[in-house]
Amino acid sequence: MRVIAGKAKGHSLRWPKDPHIRPTIDLVRGAIFSALESLSVDWSHALDLYAGSGALGIEALSRGAEGVDFVERNHNCCSIIKENLKQTRLAERSRVYRMEARKALRTLEKQYTLIFLDPPYSDRSGHTMLGEVANSSLAGRQTTIVMEHSQQLSPEETCGKFHMIRRLRHGDTCVSIYQFAGGED
C-alpha cells in the first residue's frame, strides 16, 4: 500500500496485520480521489473516521489538504497512523484521536469539508453511523461525506440533509459519496 499522488506520492504505508482491519487498497483510493476531483470537492479540512492505517486521510494531506483529523479506537492503529504521518512528513498538519467514532461526533468541535467514513464491514452500525455523521455538527453545507461499505450494505439515497451523488464499486467494496442537499444547517 502506498500514497498514490501529491507531495508524498510513492511512500509506502504500514497497516495493521489484523484480520478485522481492512485497509482501503490503492485502486479504491485512486477511484475515490478521482471522483472527488471530478466533483470539485473541497478537502481542505478532512476527518478520517475509523481511520485504520490512515491511508485515506494521508492521501488527502498528500494532495493538499490543510489539515486532517484521524479518529481510531485501536491503540496499535493509532501508532501506525502516527508512524505513517511521520514517514510521509505530513504529521504537522494532522491530529490523531484515539476514541470511538461516536464519541468523536460529540467531542470534536469543528466542521469538516470532507468526512471519510469507513467502518468495519462486520459492524452493521455503519448504516446508522452515516445518519449520525450527516446530522452532526461536524457536517455542514460545504461537507462531502465518503462512505466505504460492503456491496451487501445499501445506504439510503438521502441521509439527513445529504444526498448521494455518486456510487462506486470495486469487487465487494462500494463507495457512496454524499453532498449537502439543502435546507437549514
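The values are calculated or read from the model by the stated rules, or taken from the named source; none is laboratory data. All values reported here derive from a predicted model rather than from experimental measurement. Cβ sites come from the backbone with ideal geometry, for glycine too, and all protein chains shown count toward neighbours.
Quick look at the numbers
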| quantity | calculated |
| --- | --- |
| Scope region 35-51; condition at pLDDT 90 or above, closer than 22 Å to TRP15 by Cβ and in a loop (DSSP other than H, G, I, E, B); matching residues | TYR50, ALA51 |
| Selection count where residues are within 21 Å of ALA139 (Cβ to Cβ) and not acidic (Asp, Glu), scope region 65-92 | 6 |
| Region 73-116 - residue that is part of a helix (DSSP H, G or I) and among the β-branched types (Val, Ile, Thr) and, of those, farthest from SER62 (Cα to Cα) | THR107 |
| Pick from region 157-179, criterion of a type in the set (Lys, Arg), free of Cβ contacts under 8 Å to residues at least 60 places away in the same chain and not in a loop (DSSP other than H, G, I, E, B), ranking: farthest from VAL146 (Cα to Cα) | ARG169 |
| Residues satisfying the stated conditions in region 71-104, i.e. within 16 Å of HIS45 (Cβ to Cβ) and either surrounded by 14 or more Cβ atoms within 10 Å (Cβ to Cβ) or touching a residue at least 24 places away in the same chain (Cβ under 8 Å) (or both) | VAL71, LEU90, ARG93, SER94, ARG95, VAL96, TYR97, ALA104 |
| Where ARG29 falls short, out of the listed (1) part of a helix (DSSP H, G or I); (2) surrounded by fewer than 19 Cβ atoms within 10 Å (Cβ to Cβ); (3) at pLDDT below 95 | (2) |
| Qualifying positions in region 7-18 - modelled with pLDDT of 80 or more and either surrounded by 13 or more Cβ atoms within 10 Å (Cβ to Cβ) or assigned to a loop (DSSP other than H, G, I, E, B) (or both) | LYS7, ALA8, LYS9, HIS11, LEU13, ARG14 |
| Within region 131-185, considering residues that are farther than 19 Å from THR24 by Cα and crowded, with 21+ Cβ neighbours inside 10 Å, the one modelled with the lowest pLDDT | CYS159 |
